[in-house]
Structure formats: structure tokens, C-alpha cells
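S.K.: Below is one structure. I have some questions about it.
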Amino acid sequence: MSWPTETLAAIIDADDLQISPVRADGSTYGTPTWIWCVAVDGELYVRGYNGTHSRWYTAALAHPEGRIHADGHVFDVTFAPADVEFADRIDDAYRAKYAGSPYLESMINDRARAAGIRIRPRT
């Protein structure tokens, strides 16, 4: 399932996304973690600042369901690794959205690129 265009735009524009993968017990959600998000071709992407060692990233891969909090709403979602062929386009989206931030280079380096996640609404 993909994001409705208006919902995705609101999430991206709000720039307040918090991610909560399901914990190891498979039923409770982790503590919401604020994270940068971008859209590419109508899909929502995030990356782990600490790469594949990011706690939320390892949880999202282990249990690919969770929630995001964004734009004043809570959405039940699924997580999947970002397709490698989109890495450059995701970089470009980060550059466009976060130009001028001192943290930008940390989100487009090889460490963060290795920890990309696509987020889709859960049906």
C-alpha cells in the first residue's frame, strides 16, 4: 500500500517524524525516535544516523511493523530496506530538504546509506 499524496506531503512538510518499531516481544512499540524523512517517487524513506547500528534500524529489520508519529497523527506502518538503486535519489532528496544543516553529510555518507528504510502504511 502506498501513501495518499496529501498525507505523504503533510508528513514531509511537518518534518517531525518519530519512528517506533515493534519491540522484540512482537506486540509493544519502542520509544518514538525523532528522525529525518524524505520522499522519493511517492515513497517515504528514513536513514539511521548511526548506520546499521542504530537501535531503531535493527528493530525495524527484526520486526518490520511499527508506528510513526508525524504531522500530529499516528500511523501503523511496515518497514523494508530501501532499494539500493534509489540511494542516490534519496541522497538528492536529503540534500534538497536539509540543505545548510550541519548534519546533512552524516545522512548521505556510506554509513547512513547502508541503513535506509522505506516506510509504507500498514493495511
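S.K.: If eta is 0.692 mPa s and T is 37 °C, what Stokes-Einstein diffusion coefficient results for segment 5-121, Kirkwood Rh from Cα pairs, in µm²/s?
M.R.: Working: Rh = 14.0 Å.
The Stokes-Einstein estimate is 234 µm²/s.
S.K.: Per the helix-only calculation at 222 nm, which mean residue ellipticity applies to the chain, given -39500 (n - 2.57) for every DSSP H run of n ≥ 4 and division by its residues, nearest 500 deg cm²/dmol? Intermediate results must be reported in sequence, preceding the final value.
M.R.: Details: 5 runs with 37 residues, N = 123.
Only helices count here, giving -8000 deg cm²/dmol.
S.K.: Decide, for segment 21-87, between rounded, prolate and oblate: order the square roots of the alpha carbon gyration tensor eigenvalues as a ≥ b ≥ c, take rounded if a/c falls under 1.5, and otherwise choose prolate if a/b is larger than b/c, else oblate.
M.R.: Working: a/c = 1.64, a/b = 1.23, b/c = 1.33.
Oblate shape, in that a/c is at least 1.5 and b/c is the bigger or equal ratio.
S.K.: If you don't mind, another one. Measuring from label point to label point, each 7 Å out along Cα→Cβ, what is the S106 to T123 span in nm?
M.R.: 3.8
S.K.: Determine, for T52, T28, the number of other Cβ atoms within 10 Å of each Cβ, and report the residues in order from fewest to most.
M.R.: Working: T52 12, T28 9.
Starting with the residue having the fewest Cβ neighbours, the order is T28, T52.
FYI, it's all coordinate maths here, none of it is from the lab. A quick note: this is a predicted structure, and the numbers were derived from the prediction, not measured. For neighbour counting, all protein chains shown are included, and Cβ atoms are generated from backbone atoms with ideal geometry for every residue, glycine included.
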